[in-house]
Amino acid sequence: MPKNNEIKRVLVIGSGPIVIGQAAEFDYAGTQAIRALKDEGLEVVLVNSNPATIMTDQEMCDRVYMEPLTVDFLEKILYRERPDGILPTLGGQTALNLAVELAEKGILKKLGIKLLGTNLETIKRAEDRALFKELLSELGEPVIDSIIAHTWEEAQQFCQKIGLPLIIRPAFTLGGTGGGIASTAEEFHTIVHSGLKASPISQCLIEKSIAGFKEIEYEIMRDAKDNCIVICNMENIDPVGVHTGDSIVVAPSQTLSDREYQMLRDSSLKIIRALKIEGGCNVQFALDPSSFQYYVIEVNPRVSRSSALASKATGYPIAKIASLIAIGYGLDEIKNPVTKKTYACFEPALDYIVTKIPRWPFDKFNQGNRRLGTQMKATGEVMGLGRTLEESLMKAARSLEIGTYHLELKDYKNVPYRSFLERLKKPDDERLFLVMEAFRQGMSINDMHELTKIDRFFLQKLNNIIKVENTLKEATLTTELLKKSKSMGFTDRKIAELTNRTEEEVFLHRSAENIFPVYKMVDTCAAEFLSETPYYYSSYEEENEIIQTNREKVIVLGSGPIRIGQGIEFDYATVHAIQALKEAGYEAIIINNNPETVSTDFNISDRLYFEPLNVEDVMHVIREEEKFGKLKGVIVQFGGQTAINLAKPLSQKGVTILGTKLEDIDRAEDRKRFEELLESLNIKRPEGRTVTSGEEALAASKCLGFPVIVRPSYVLGGRAMKVVHDEETLLTYMIEAVKVNPEYPVLIDRYILGKEVEVDALCDGENVFIPGIMEHIEKAGVHSGDSIAVYPPQNINIETQNALIKTTMALAKGLNTKGLINIQYVLLENQVYVLEVNPRASRTVPFLSKVTKIPMAKIATKLMLGKNLIELGLYHGYHPEEDLISVKVPVFSFAKLVDVDTALGPEMKSTGEVIGSEITFAKALYKGLLAAGIKLPSAGTILVTISDKHKTEMIPLLKSFRRLGFKFMATEGTASFMRDHGLMVENVNKIHQGTPHILDAIKEGKANIVINTLSNGDSVASDGFKMRRAAVENGVVCLTSLDTAHALVSALESISFGIYNLGEEIDETYSAHS
Amino acid sequence: MERGRKMKKCKLWLADGTQFTGESFGHDFSKSHSFGEVVFNTSMVGYQEIMSDPSYYGQILTMTYPLQGNYGISREDFESLKPVIRGLVVKEYCEYPSNFRSRTTLSEFLKEFKIPAISGIDTRKLTRILRNKGNMKGLISHEAMTEAEAMDQLLNTDLPHDHVKQVSIKTPFHYQNSGMRIVMIDFGFKASILRHLMERNCEVIVLPYNATPADIRKYHPDGILLSNGPGDPKDVPEAIQTVKVIQEEFPLMGICLGHQIFSLANGANTYKMNFGHRGANHPVKDLSTSKTYLTSQNHGYAVDMDSLSRTHLAVTQINLNDSTIEGVKHQHLPCFSVQYHPEAAAGPNDTSFLFDEFLSLIKTKKYERGLHA
Ligand SMILES: Nc1ncnc2c1ncn2[C@@H]1O[C@H](COP(=O)(O)OP(=O)(O)O)[C@@H](O)[C@H]1O
Ligand SMILES: Nc1ncnc2c1ncn2[C@@H]1O[C@H](COP(=O)(O)OP(=O)(O)O)[C@@H](O)[C@H]1O
Ligand SMILES: [Mg+2]
Ligand SMILES: [Mg+2]
């Protein structure tokens, strides 16, 4: 079937903000799809509220709407755009759910808009767990004993009949929210209740647990002609019971024989045919390791995280092909974009092994519950390719950036494995490393298999690594042994450690024997057909396949896995850098290891090296690139801390770093040198001390005065950072939270409770151009990444603004910046204090680029290549502010992260962001909050518990809420304070006072908003913590900063009217920003 | 190295002079060597079926997927009793397989059948050589063989022409069943073909490749199946002659070599492909329905498209990638053939319906005959 010519204008729905379970993979898929549709001559309109995406770049589509992904907004856009079709299969669950709503409300029918790719019925049959089970039975596919429960009673009955363990899975939720495996009656009670609540239709599937089976996934495609193919199958190393998003996954499957492989292939094709999906689909299976018995776990009738992984693993661009199918093409009519000769209708053959390892946020949330289960907790992932499984696994492991370059965690070195047996059985994020440690101590494969249920095949492979470790320790380092260790993925550093050598010595040995990796191509066809895809991975093999040119080139280092604090924003900047390099006529080369992102789409750069961002691996690529043509240098400014951290080791090896020099990067990052710089420029920063003991800390706090902000010096990214108000907490912090030793001192700064401001600037060494200033809504103390920010600033007077501009220019020049610089300030009493300078592209680059229409990363790249601002049409100065007001609202994934405190503080916790743009601040904010998924009640009850230090500040705020018609509920102290100030309030018990208490109020839906500010030393056991968690788990808005609450009131005011009774005393006019 | 065991080094030589060094993990040969045509297969699973497919007779098989032997060797997955490959080339083989059906390791299995095997090879490099230069003669030898010796061997040894004779049964074989009676002419049949027929209740009589029309008539079959097999179809002229005659008398289905023999019998021509099709991901387009199927393939020769004009054959299916012929049918007789393997094993089951089509063709024919009788 050729292209459907009736479809001329298509509306694509994006996936919105990055949350756990729905991340950068949808920008990758969306971007690829949009390009494909544009190439077909279609008019493409996009709706996505996430500004940090490549897909929302103006050049990508005909029209981009960065508006909230709600039915109301989509309806408006549909009326205006009148597209012929809407493509909802690229924007994850969000887009699919929206499409269902739009269809069910009759909007699509009314406007004559076609659902492309998948029809309504298909979506429902695949997504509704009950309908899906029905379909499976009709097809004669095996289903697990289960029921669909709408009430606790139904669930209980089933439990009595089948017995535990049971698994509870809520319908229509993301990443398994609210579900889990229950082994005890108590667990069953809790999970069923939270599951019913989490499901928008109060529906849970309860089924027999088959934890321990092999978990296998098939990525498949179908066209309207009913041609069906498998793109890739994948095997989870972690058996069923751990969410695939949290599992270590290999592709292709390793332990299936042809019979099993084909059995599951047949089943997947049968299902996709029955569902009549036109596009891509993911089928998850559980396979009994000791028989042919299998079960279908679920089907995702759209592109997904797994399909992004499958695309990167095979080279087959699933999203592109899926969108071509959606507009009518048959698989047999589409050319395979990799070989350009064969057709898309074939099944990729791999001749390498792919390993994916998830990246979890527990380095940040160390108090969080690390146990892995049916709810996904990872924020990102890395992928490694190799010609041996060990090589691909080791590459992935050292791409994680969790402080290890080997399958080993220092913390567990020599910790007797008997002490962590339970953690092997009930997996958490560190299991892989614990398995390795246990093997190192001699645990047997059989024992390990019994505990973990991980297939012996994989355990053998892991044990192979230990065997080589032992040989390295014991035997002499022969060339053969060196070769063998390299082909199993060992780094020089680890070999050196095991053989008592220096890394340099190992490297010299290798150089003498010419043991270097070659680069192999990912070509979808195991070399059967000639292809020229510029997509490579390294391996210790014989033949090198790099197709070299003699052009001048530049290498851009990517940002690795997505984690809290280093998200998709950095990939955005990386992609722009590549585009700019190409525009400037250079060959653009990227090194990155994240399979979810746009930067690792082989269509983006001239050459993609899918490699760890580790010095040795990067140096190998550089060595390769230096063989031909001229390597101008390496760009480290866009890949976040990952790339900037490589600047030093690379320069030490003689590599040219483009842009700001290492020396200056160091001046910005080294605290002492930074202070010297500030002093020389006469710029203030919050006063601070470096301490190494409790006594020193107390002494420092006496000078600085409480509150202070403390952090260990050895971690970046706000980790373990805390605001401390008293001596006791300070001492506890020094003792408990941080291992104080002279090597890693603790930094103590005066905490300045002022307005936080962030400025990004471009500098060519001479002139400084400032695209924009962003004002934070929350005061300093809430991490800049977690604050609501507004552009242009709303409450900064002109003198202060000028001071900010002046300081920024001085700092940019003072650091001899070439490219981008990001500076965070805090303003107090008309003074400007510098909090931090990042000599690189920051998180705000995509947002600011979009709202100011200044392509910051591209300009920065050109500056690094030697152009100056004037040549690029810019100037020394501050870019005139735009009329439209744009608000950036952070988005959190707290629902997925059990036991993580939701209170905002100096540690970043958000996973994503959205934008709201409007003509007034209040409206922009309202939009932003809507886009962030915050359900703003226009009336109802507010539960207030506020620490003493905030009580006075809260009164005018609460009065504004009252004017809007809200009622209040508060615990004793807060309540009486409120009454004293003329507010009516209902008392509610603290937890220790007995039920019904605050938690009941939240669970029973009596409170619609919770305002709770952190008291000192709030622990997991405190009421505050429990209340905040209860709010998250029950979908109640919880505000932990009064500034956010102020902003919320003003947003609500912009859309609602007050209510007054006759003769009522009117509160003084409220202003959120006085 | 591990467990104190020292691996024996060995070498793989190609006729173009390329040499690879690896480790022996199959039949231990310290003085001898193994000669064959070096080919590659891109299937990611199914090594057991592939190695035991008689069509690989005389060939040194390279698996492009780097890890082989992961799930061991089962009792069930053989396509013939005895593997006939001349050697196996892999990147890495698995010493400790894991699968509930595994009985033994790949290495033990190869040793049992005296098949040399070499691991540690950059099989992607090897594949790219074969892709660019075509399949060529090769040699697996012990480490000590010199280049001169190897080249001498390669130059002076010819690829055999008696493949089919080597793998075909010598005396007829009978599989009782209640359904239709099929005579399968054995050019090196895969057990899965038999399995598919038996599953459809067919009684199967397997005859040697050189069965005459008279031999066949003796069994009063309902239909004839020309099996797959190794080598050049032109090397079995006696079979071509037989097919010429019997196609007039019985409904017929040909698979792989059987397809080529059927085409030759009807006046078409065949040619040697550069590196052939070996794998489980070959898209085949059915020209009448315009649907595409994924197929399992293993052939080094193909039917020449241009030569069909002289015949009564019509192309029914083509390979989507290179447009080579994947299926033909006779315009007047109830006979058809396919180049690929509808019996799969290893590979996708997309086209197993062809066996049903064959049987319904027989039924229709019987019905018509009944009318005319
Ligand atoms: N019956 C079951 N018993 C044990 N674990 C299960 C069962 N069903 C699913 N799981 C596990 O839960 C995970 C999440 O389930 P899934 O249906 O895929 O939800 P999601 O929509 O979040 O991907 C699966 O990856 C699997 O490991
Ligand atoms: N001296 C201070 N006074 C008030 N707030 C501070 C101070 N230092 C840091 N903060 C707060 O902590 C947050 C994180 O600190 P920052 O130094 O920017 O670390 P990161 O490297 O995580 O961005 C800032 O965004 C700010 O809100
Ligand atoms: Mg799933
Ligand atoms: Mg900061």
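Pairs with C-alpha atoms separated by more than 20 Å, drawn from the list B:K82/B:K190; B:K8/B:K125; A:K461/A:K483, are B:K8/B:K125.
Among the listed pairs A:K38/A:K335; A:K722/A:K779; A:K124/A:K927; A:K208/A:K426; A:K76/A:K276, those whose Cα-Cα separation exceeds 21 Å are A:K124/A:K927; A:K76/A:K276. Here the range A:279-435 carries DSSP beta bridges of which approximately 100% are antiparallel, counting only pairs with both residues inside. Among the residues of A:348-356, the average count of other protein chain beta-carbon atoms within 10 Å of the residue beta-carbon is 4. Can you give me the Cα centroid spacing of the range A:837-866 and the range B:253-315 in angstrom? What the calculation gives is 57 Å, centre to centre. Residues whose amide H lies under 5 Å from that of B:F275, counting only those 5 or more places away or on a different chain, are B:N135; hydrogens are built 1.01 Å from N in the peptide plane. Taking the average, over residues, of other Cβ atoms within 10 Å as the packing measure, peptides A:96-102, A:357-363 rank A:357-363, A:96-102 from highest down. Computed over chain A, the per-residue total of -39500 (n - 2.57) for DSSP H runs of n ≥ 4 gives a 222 nm mean residue ellipticity of -10500 deg cm²/dmol, rounded to 500.
Amide H contacts of A:G965: A:I1059, each under 5 Å away and 5 or more positions distant or on a separate chain (H built 1.01 Å from N in the peptide plane; Pro and chain starts excluded). Long hydrophobic helices in chain B: none of the complete DSSP H runs spans 27 Å or more by Cα along its own axis with mean Kyte-Doolittle hydropathy of at least 0.0.
From the Cα gyration tensor of the range A:941-988, with a ≥ b ≥ c the square roots of its eigenvalues, which class applies: rounded if a/c is under 1.5, or else prolate if a/b is larger than b/c, or else oblate? Judged from the Cα gyration tensor, the range A:941-988 comes out oblate (a/c at least 1.5, b/c at or above a/b). Peptide A:289-299 shows a mean partner chain C-beta count of 1 within 10 Å per residue C-beta. Helix content alone sets the calculated 222 nm mean residue ellipticity of chain B: runs of n ≥ 4 DSSP H residues at -39500 (n - 2.57) each, divided across all residues, give -7000 deg cm²/dmol.
Step by step: find N for chain A, compute 2.2 N^0.38 Å, then divide the Cα radius of gyration by it. What's the final number?
Dividing the Cα Rg of chain A by 2.2 N^0.38 Å gives 0.91.
Summary value for the range B:223-351: 27 percent relative contact order, contacts being C-alpha pairs under 8 angstrom separated by 6+ residues. Along chain B, the exposed loop sites are GluC sites (Glu not before Pro) outside DSSP states H, G, I, E and B with at most 13 other Cβ atoms within 10 Å, and the longest stretch free of them is B:250-373. Under the combined filter of DSSP loop state and at most 13 neighbouring Cβ atoms within 10 Å, the range A:505-538 retains these GluC sites (Glu not before Pro): A:E532. Relative contact order, whole percent, for the range A:162-252 stands at 23, derived from Cα pairs under 8 Å and 6 or more residues apart. In order along the range A:61-74, phi translates into HN-Hα couplings of 10, 6, 9, 10, 10, 8, 10, x, 8, 10, 4, 4, 5, 5 Hz, rounded to whole numbers, per the Karplus curve 6.51 cos²θ - 1.76 cosθ + 1.60 with θ = phi - 60° and x for Gly and Pro. Solvent-accessible area lost on pairing A with B (1.4 Å probe, both sides summed) amounts to about 5100 Å².
So what's the net charge close to A:R259: Lys and Arg +1, Asp and Glu -1, counting the other residues with Cβ under 10 Å from its Cβ?
-4
Look at the Cα gyration tensor of the range A:90-249: its axes a ≥ b ≥ c give a/c of at least 1.5 with a/b at or below b/c, and that counts as oblate. The protection proxy used here, the mean number of other Cβ atoms lying within 10 Å of each residue, ranks peptides A:1040-1046, B:334-340 as follows, highest first: B:334-340, A:1040-1046.
Qualifying chymotrypsin sites (Phe, Trp or Tyr not before Pro) in the range A:222-314, where qualification requires a DSSP coil assignment and no more than 13 other C-beta atoms within 10 Å, comprise A:F292.
Scan the range A:951-1031 for GluC sites (Glu not before Pro) in coil per DSSP, keeping those whose Cβ has at most 14 other Cβ atoms within 10 Å, and list them by number. When the GluC sites (Glu not before Pro) of the range A:951-1031 are filtered for loop state and at most 14 Cβ neighbours within 10 Å, A:E1004 remain.
For A:Q831, no residue 5 or more places off, or on another chain, has a built amide H under 5 Å of its own. Taking every residue in A:422-428 and counting other chain Cβ atoms within 10 Å of its Cβ, the average works out to 0. Comparing Cα centroids, the range A:919-940 and the range A:305-323 end up 35 angstrom apart. Taking packing as the residue-averaged number of other Cβ atoms within 10 angstrom, the listed peptides A:158-170, A:555-567, A:134-146 run from highest to lowest as A:555-567, A:158-170, A:134-146. Which shape class, rounded, prolate or oblate, goes with the range B:320-366 when its Cα gyration tensor gives a ≥ b ≥ c as root eigenvalues, a/c under 1.5 marks rounded, and past that a/b bigger than b/c marks prolate? The shape class here is oblate. Listed by chain and number, the aspartates and glutamates whose alpha-carbon sits under 12 Å from that of B:K11, ignoring those within fewer than 8 places in the same chain, are B:E23, B:E143, B:E147.
Straight-line reach from A:K702: taking Cα to Cα under 19 Å and skipping same-chain neighbours fewer than 8 places apart, the aspartates and glutamates in range are A:E687, A:D726, A:E727, A:E728, A:D749.
Measuring nothing but how far apart in sequence close Cα pairs (under 8 Å, 6+ apart) lie, relative to its length, chain A scores a relative contact order of 9 percent. Separation of the range A:345-405 from the range A:887-907 is 23 Å, based on Cα centroids.
Out of the DSSP beta bridges found with both residues in the protein assembly as shown, what percent are antiparallel (nearest 5)? Expressed as a percentage, antiparallel bridges in the protein assembly as shown total about 65.
Rounded to the nearest whole Hz, the Karplus-based 3J(HN,Hα) values (6.51 cos²θ - 1.76 cosθ + 1.60, θ = phi - 60°) of the range A:947-953 follow the sequence 5, 3, 5, 9, 4, 5, 4, with x at glycine and proline. Accessible surface computed residue by residue for the range A:98-189, with neighbouring protein chains in place and a 1.4 Å probe, gives 47 Å² per residue. Taking every DSSP bridge with both residues inside the range A:866-1011, close to 40 percent are antiparallel. For the range A:507-516, the Karplus equation 6.51 cos²θ - 1.76 cosθ + 1.60, evaluated at θ = phi - 60°, returns couplings of 4, 5, 4, 4, 4, 4, 8, 6, 9, 10 Hz by residue, with Gly and Pro reported as x. Here A:K553 is the anchor, and the lysines within straight C-alpha reach of less than 18 Å, apart from those fewer than 8 places off in the same chain, are A:K582, A:K627, A:K630, A:K632, A:K858, A:K862, A:K867.
The values are calculated or read from the model by the stated rules, or taken from the named source; none is laboratory data. Since this is a predicted model, take the numbers as computed values, not measurements. Ideal geometry is used to build each Cβ from the backbone, glycine not excepted, and the neighbour counts take in all protein chains shown. Each accessible area value is taken on the protein alone, full model and side chains, heavy atoms only, with ligands, DNA and RNA left out. Shrake-Rupley method; radii C 1.70, N 1.55, O 1.52, S 1.80 Å.
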